Structure formats: C-alpha cells, structure tokens
Amino acid sequence: MNFPLPPNATIGIVGGGQLGRMSAMAAARLGYRCHIFTPEPDAPASQVASLTTLADYDDNAALIRFAESVDVITFEFENVSAEGLDLLAERRPVRPGPDILRISQDRIAEKTFLNAAGVRTAPWAPVESIAQLQAAIATIGLPAVLKTTRLGYDGKGQALIRTAGEAEMAFALLNPKPLILEGFVDFACECSVIVARGADGASTAFDTVENRHRDHILDLTLAPAPFDPDLRHEAQAMALRVAAVEFFIDRDGRILANEIAPRPHNSGHWTIDACPASQFELHIRAVAGLALPQAVRHSDAVMKNLVGPADIALWPQIVATQGLIPHHYGKTAAREGRKLGHVNTLFPHGALPGAFGIAAALGVLAADEP
C-alpha cells in the first residue's frame, strides 16, 4: 500500500472500545473508513465504523480475513495478542508495530526500555519466586508495590506490601508469574504526556497534564498541569524519547516514568475539544502516513471521566448544562468501575482556574468529587 493513504482507504483497528470509537470518528473526518476487529458485540467502536469483524483475538482465520480487507492496521489498547499482530503484519502494515506492543505489554520489558532510553523510573526488580521477592525487598525496601508484568490496568493486578509479613500472601495472590517489584513512590502528583510520531520520524508532544484518580481509575485531567513550567517541559522532553508516558512527580520534584502507552490515552481526551487536532487525529495521521501538525492547544481544559451507573445517571443534567462538552461511549451495560463517557470543559488559554473554579464549571458533576 502506498502512503500517505488516499481518501476512502480503510484503516483496521484491533479493539472495539472507546479509544477505537474516537479514533474511528477522527478517521472519518480525514476521509477514511474503519474496520473494527473485536470479540464484543455492539462495541463502542463498531457503532461508528464501516465494518466490524466479530471474532476472538486468537482466531487466526478471522485475523487473516480482516487483514486482507484493510489497507493499514492499528490497535486501541495493549491487551491484544502480539502474536496476532505478527500475523497481521505479514499481510499489511501495522502501526505501531508488534515489537512496540510487546514492550508495553510486559512491565519488565517496559522498565528496561525506559531506563535504556535515559528515562528515570522507580527502582524495580523482576520476581519469579519467594526467594527473589525477599531479595528484591532487601534491595528496594518497603513499602513497595508487587505487580503482575502483564494485563494489569486501573489498579488491577497489584498489591502494596508494607511489611515483610505481607510479601508471601501478595506473591501467592498475584498471577500470572513472573511479577515485578517496584519501589513505592511517595508522589506529589501524577502527570502524563501524549506523543505522536509519524512514519518519517517527526514527533510532537501535547502539553503535560495532571491526572487525579479515584478508586484507582482516572477521574480528572487538568490541561495544562498546574505546576512549574520547567517540570512540564522536562516531562515533555522525556516523553519524546519514547511514547505516551504516565509519570509520577515525587515529593523532591523528581519525574519518574510509570508506564508507556503506544496508542491514544484516557488522559488525552481533553484534546478533542481544546486543540485544533486531537490525540486521535494525530494517531490516525501517523497510521495513515499523513503530515503531523503541531500538538498545540487553543484553550485550557478539564476532562472528567464518567464512571459507573452513578455518573452516567447524570447524563440528562450534563447535556443540559452550558459549558460541559459531553462524550458518550455508547456502552449499554453501566457497571461499577466502567468508563462510560467523559466531559470536557474549556477555559481561556492560560486561565485554568483553581479548585473552586473547576468545581463551578463542572456543576452537577462537582458533587461527585471526593
């Protein structure tokens, strides 16, 4: 296939969630069709795409048929099969490639990659046995966080170890092995940077944003992050060495990378309304081989996730409130802890308010804050 992709070409997206949905909507604006590969009937991405293949991610025959029906392939989350992407890559370009996915799927490979790129992380050690865990604790100290190396997200697949007596139980509970022990970061805040990199190697980074969580799930994103501009620029420079990155800033002002995400990220949803080109448009441009505009914002913004039945029950009030820009993901099952949509609210460039101003702008949603 020749690049850049011509209009009406088809982009295959592996995964049918909200990131695929918003990517498909951005692709449509640029004149592309999207074909979704997902095992989920009536998936959010399928509702806005031209075609859907409904099959498991390890269904090789379905993957081959999918590849032969599209011009280029991307993915919308990390918990897909790298082996499946290898099969796809034999037939069509896959962007980002399977090797990049493998790094982001495995925390040991991820930490190794970050450190090799000169990006700081908390101290860490691989753990395959109780003896290795005890040795790692002796080196790293307590408290520390024991994590699965694969499949964890939104606080799942990890355990905080405060005392030596908790180590053996944590090791027994967490699967699959191997695990990874990470030093506990007494962080002042969490931030992230979204990066887009084109096929020609050109790259651009959105502003560093602050992320605030509730019950281990992203609740609010503030753009730009309301802290020292030098720290924001340092985080951007670090992210440009690798990919979209979540960072901790510790009490000493050090920036430590937490994890990378080689695809659009929840903390970048504010870009849909606050930027001339959103993270989803830049992702599609990179996949299609189009030129990348600079990742700039015309407004400051706050993004709030709508999580679970209580949040989405406020939808009638949200859509009736001036200044709230609603985004619904089309999910029919409103389960606890499930991301069902988000709301953006904009402020003049350089005028992001403090806590009271943000609460006033969020209106009915502010009462949802802890």
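The values are calculated or read from the model by the stated rules, or taken from the named source; none is laboratory data. Since the model is a prediction, treat every value here as computed from it, not as a measurement. Don't worry about glycine lacking a Cβ; one is built from the backbone with ideal geometry, like all the others, and counts go over all protein chains shown. Heavy atoms of the whole protein, side chains included, go into the accessibility calculation; ligands, DNA and RNA do not. Shrake-Rupley method; radii C 1.70, N 1.55, O 1.52, S 1.80 Å.
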Under a 10 Å cutoff between Cα atoms, tell me which one of ASP58, ASP252, ASP311 has the largest fluctuation in the Gaussian network model of the chain.
-> ASP252
Counting Lys +1, Arg +1, Asp -1, Glu -1, what net charge surrounds SER23 among other residues with beta carbon under 13 Å of its beta carbon?
-> +4
Please list the non-local residues whose amide H lies under 5 Å from the amide H of HIS349, H modeled 1.01 Å from N, same-chain partners needing a gap of 5 or more.
-> ASP300
What does the helix-only formula give at 222 nm for the chain: each DSSP H stretch with n ≥ 4 adding -39500 (n - 2.57), the total divided by the residues, and the result rounded to the nearest 500 deg cm²/dmol?
-> -8000 deg cm²/dmol
In Hz, Karplus ³J(HN,Hα) per residue of the stretch 33-49 (6.51, -1.76, 1.60; θ = phi - 60°; x = Gly, Pro) | 9, 10, 10, 9, 10, 7, x, 9, x, 6, 5, x, 5, 4, 5, 10, 10
Accessible solvent surface per residue of the chain, calculated while the other protein chains remain in place, 1.4 angstrom probe, Å² | 43 Å²
For the stretch 290-298, in residue order, the Karplus 3J(HN,Hα) values (coefficients 6.51, -1.76, 1.60; θ = phi - 60°; whole Hz; Gly and Pro = x) are 7, 5, 9, x, 5, 7, 10, 10, 9
So how do 324-330, 173-179 stack up, highest first, on mean other-Cβ count within 10 Å?
-> 324-330, 173-179
Extended-chain gain in nm, criterion 0.36 nm per residue less alpha-carbon gap, ALA172 and HIS216 = 13.6 nm
How much accessible surface area, in Å² rounded to 10, belongs to the heavy atoms of PHE347 with a 1.4 Å probe?
-> 30 Å²
Residue by residue, what Karplus-based ³J(HN,Hα) values in Hz, rounded to whole numbers, does the stretch 200-214 have, using 6.51, -1.76 and 1.60 with θ = phi - 60° and x for Gly and Pro?
-> 8, x, 5, 9, 8, 10, 6, 4, 5, 10, 9, 10, 10, 10, 9
Residue among ASN258, ASN344, ASN115 with the largest mean-square fluctuation in a Gaussian network model of the chain, springs linking Cα atoms under 10 Å | ASN115
Mind listing the long-range amide H neighbours of ILE36? Cut-off is under 5 Å, sequence gap 5 or more, other chains count too, H placed in the peptide plane at 1.01 Å from N.
-> ILE13, LEU51, THR52, THR53
Given +1 on the Cβ of Lys and Arg, -1 on the Cβ of Asp and Glu, and no further charges, what dipole in debye does the stretch 156-302 carry about its Cα centre, rounded to the nearest 20?
-> 420 debye
Tally up the carbon and sulfur contribution to the accessible surface of the chain as a whole percent, 1.4 Å probe, everything protein left in place.
-> 54 percent
Semi-axes of the stretch 169-302's equivalent ellipsoid from the Cα gyration tensor, sqrt of 5 times each eigenvalue, largest first, rounded to whole Å?
-> 27, 19, 14
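Taking K and R as +1 and D and E as -1, what net charge do the other residues with C-beta under 10 Å from the C-beta of PRO39 add up to?
Here the charged neighbours net out to -4.
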If the cut-off is 17 Å between C-alpha atoms, which aspartates and glutamates fall inside it for LYS156, apart from same-chain ones fewer than 8 positions away?
-> GLU78, ASP106, GLU182, ASP215, ASP219, GLU246, GLU259, GLU336
Neighbour net charge for PRO276 - beta-carbon separation under 13 angstrom, K R +1, D E -1 | +1
If one builds a Gaussian network model of the chain from Cα atoms under 10 Å apart, the most fluctuating residue listed among GLY15, GLY97, GLY350 is GLY350
